[in-house]
Amino acid sequence: MARATPTPAYEQRHSPAIMKSPKARSAAECERLEQLPNVGPALAADLRLIGIAHPRELAGRDALGLYRALCRATGKRQDPCVLDTFLAVTDFMSGAAPRPWWAYTRQRKADYQGV
């Protein structure tokens with residue numbers, strides 16, 4: 001019995017080798033905001049809205065300051081997971097290994113209880 005050949009759409013949905021935006025494994029590799037772990041097109045646009053044009057601009061930045069700047073720029077309170085993501089990307093661009101944004105939730109809850 002012959003095996004069915006997967007369609008391109010099936011392969012795109014199920015193949016780990018096909019990614020929309022390859023993620024950087026280190027800060028040195030990161031040339032575009034969309035290459036940051038945890039950052040997709042929407043959050044990259046948010047970072048640009050607050051004046052961040054290149055990932056290297058995130059090294060040493062205050063994640064809470066970025067979060068507050070985004071809240072001001074949009075005129076609304078952002079979901080706290082955005083702060084988790086800002087913690088993740090500032091940490092990554094300061095030399096840490098890539099970690100999922102939810103790995104920073106406990107830190108955010110401990111350090112920024114009012115957010």
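Here Tyr112 does not fit the description of being touching a residue at least 40 places away in the same chain (Cβ under 8 Å), more than 19 Å from Arg32 (Cα to Cα) and buried (at least 19 other Cβ atoms within 10 Å of the Cβ). Residues that are modelled with pLDDT under 50 and either open to solvent by less than 30 Å² (accessible area, probe 1.4 Å) or in a loop (DSSP other than H, G, I, E, B) (or both) within the stretch 2-47 comprise Ser15, Pro16, Ala17, Ile18, Met19, listed in sequence order.
Sub-6 Å Cβ pairs linking a first residue in the stretch 50-67 that is more than 11 Å from Met93 (Cβ to Cβ) and part of a loop (DSSP other than H, G, I, E, B) to a second residue that is of a type outside the set (Asp, Glu) and open to solvent by less than 70 Å² (accessible area, probe 1.4 Å), at least 6 apart or interchain, are Ile50/Ala69; Ile50/Leu70; Ile50/Ala73, ordered by first then second residue.
Residues in the stretch 30-61 that are under 20 Å from Ala97 (Cα atoms) and of a type in the set (Gly, Ala, Ser): Gly40, Ala44, Ala59, Gly60. Counting the residues of the stretch 68-104 that are assigned to a helix (DSSP H, G or I) and open to solvent by less than 30 Å² (accessible area, probe 1.4 Å) gives 16.
The values are calculated or read from the model by the stated rules, or taken from the named source; none is laboratory data. Remember, predicted model here, so these are calculated numbers, not experimental data. All Cβ positions, glycine included, derive from the backbone under ideal geometry; neighbour counts span all protein chains shown. When the accessible area is computed, the model is the full protein with side chains, heavy atoms only, and any ligands, DNA or RNA have been set aside. Shrake-Rupley method; radii C 1.70, N 1.55, O 1.52, S 1.80 Å.
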